[in-house]
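The structure under discussion appears below in the form of structure tokens.
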Amino acid sequence: MSGKLYLVSTPIGNYDDITLRALNVLKDCDIIICEEFKEAKRLLSHYQIQKELYSINEHNEKENSQEILYKLLEGKNLALISDCGTPLFSDPGSFLTSLCISQKIEVVPVPGANSLLPALIMSGFDTDKFYFAGWLSPKKEERRVELLKLKAIKEVLVIYDTPYRLKSVLLDIVKIIGKNVNVCLAYNITLKTEKYYHCTAQELLTKAESQIPKGEYVLLINNK
């Protein structure tokens, strides 16, 4: 009988944001699959959990998934975690999960922390409907083409990006979508420096140029 693959959500910053179920799964499983060994070891050390680790990331997922599949077919239970938050959501794991589903291996999601929902509920926007744009291109011209397409979507737009591209992304938003569009920047969610900025795109760009240190963020644009 094959084992199960658990998709385990982990904290996005504050180690207290983990569920009892997630801890039990991580303690009881045979192997933990992680994105990066360094991040996984730091997380598991905090909870005093020691397990054999396998890695899948954007560079090796297809190659390593077959070996992981064999472990599951042998009857071992595996837990998949990302560097932080909910696995597969803008993180590796989709190929492995699809492979397991195709082989009739049970896949069990273990819900928990993520950055999307806190950002949405703190935005002050009507979020009954929204559009998740995810990660924009790091290339300026491609990013501007993406934003031009997003401009036509009249919903709350949700964007992820790296800390060091905040100013570049905001500059393009001001140029493409408009300087007066209302935005919300959810900054360092769950950390002591957590903060939410509610203003126009131009005002946020000004703040980003002088007041906002580099940090993790989710950016919401009220494009309705």
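Exactly one residue among Leu166, Leu136, Leu147 is under 14 Å from the mean Cα position of the chain (by Cα) and buried (at least 17 other Cβ atoms within 10 Å of the Cβ), and that residue is Leu136.
Is region 74-95 home to any residue that is among the hydrophobic types (A, V, I, L, M, F, W, C), touching a Pro at 6+ places or on another chain (Cβ under 6 Å) and part of a strand (DSSP E or B)? Checked region 74-95: at least one residue is among the hydrophobic types (A, V, I, L, M, F, W, C), touching a Pro at 6+ places or on another chain (Cβ under 6 Å) and part of a strand (DSSP E or B). Is there a residue in region 91-112 that is in contact (Cβ under 8 Å) with a residue 60 or more places away in the chain, within 30 Å of Leu171 (Cβ to Cβ) and among the hydroxyl-bearing types (Ser, Thr, Tyr)? No, region 91-112 contains no residue that is in contact (Cβ under 8 Å) with a residue 60 or more places away in the chain, within 30 Å of Leu171 (Cβ to Cβ) and among the hydroxyl-bearing types (Ser, Thr, Tyr). Is there a residue being within 15 Å of Lys76 (Cα to Cα), in a helix (DSSP H, G or I) and over 20 Å from the mean Cα position of the chain (by Cα) anywhere in region 27-43? The answer is yes, given that some residue of region 27-43 is within 15 Å of Lys76 (Cα to Cα), in a helix (DSSP H, G or I) and over 20 Å from the mean Cα position of the chain (by Cα). Restricting attention to region 57-73, which residues are part of a loop (DSSP other than H, G, I, E, B) and aliphatic (A, V, I, L, M)? Once the filter is applied, which keeps residues that are part of a loop (DSSP other than H, G, I, E, B) and aliphatic (A, V, I, L, M), region 57-73 yields nothing.
Of all residues in region 113-133 being free of Cβ contacts under 8 Å to residues at least 60 places away in the same chain and loosely packed, with under 12 Cβ neighbours inside 10 Å, which is nearest to Leu20 (Cα to Cα)? Within region 113-133, the match that is nearest to Leu20 (Cα to Cα) is Ile121. Among residues of region 138-159 that are assigned to a helix (DSSP H, G or I), those with a Cβ under 6 angstrom from a residue that is of a type in the set (Asp, Glu), sequence gap 6+ or separate chain, pair up as Arg143/Asp172; Arg144/Asp172; Leu147/Asp172.
Tallying residues that are small (Gly, Ala, Ser), assigned to a helix (DSSP H, G or I) and touching a residue at least 40 places away in the same chain (Cβ under 8 Å) within region 193-219 yields 1. None of Ile68, Ile56, Ile32 is within 17 Å of Phe89 (Cβ to Cβ) and surrounded by 12 or more Cβ atoms within 10 Å (Cβ to Cβ) except Ile56. Residues of region 118-133 that are within 12 Å of Asn222 (Cα to Cα) and under 17 Å from the mean Cα position of the chain (by Cα): Leu120, Phe130, Tyr131. For the condition within 16 Å of the chain's Cα centre (by Cα) and part of a loop (DSSP other than H, G, I, E, B), Ile49 does not qualify.
Looking across region 83-112, just one residue is over 28 Å from Leu20 (Cβ atoms) and crowded, with 17+ Cβ neighbours inside 10 Å, and that is Leu99.
Laboratory data are not the source of any read-out in this text; all were calculated from the coordinates shown. All values derive from a computational prediction rather than experimental measurement. Neighbour counts are summed over all protein chains in view; Cβ atoms, including those assigned to glycine, are modelled from backbone coordinates with ideal geometry.
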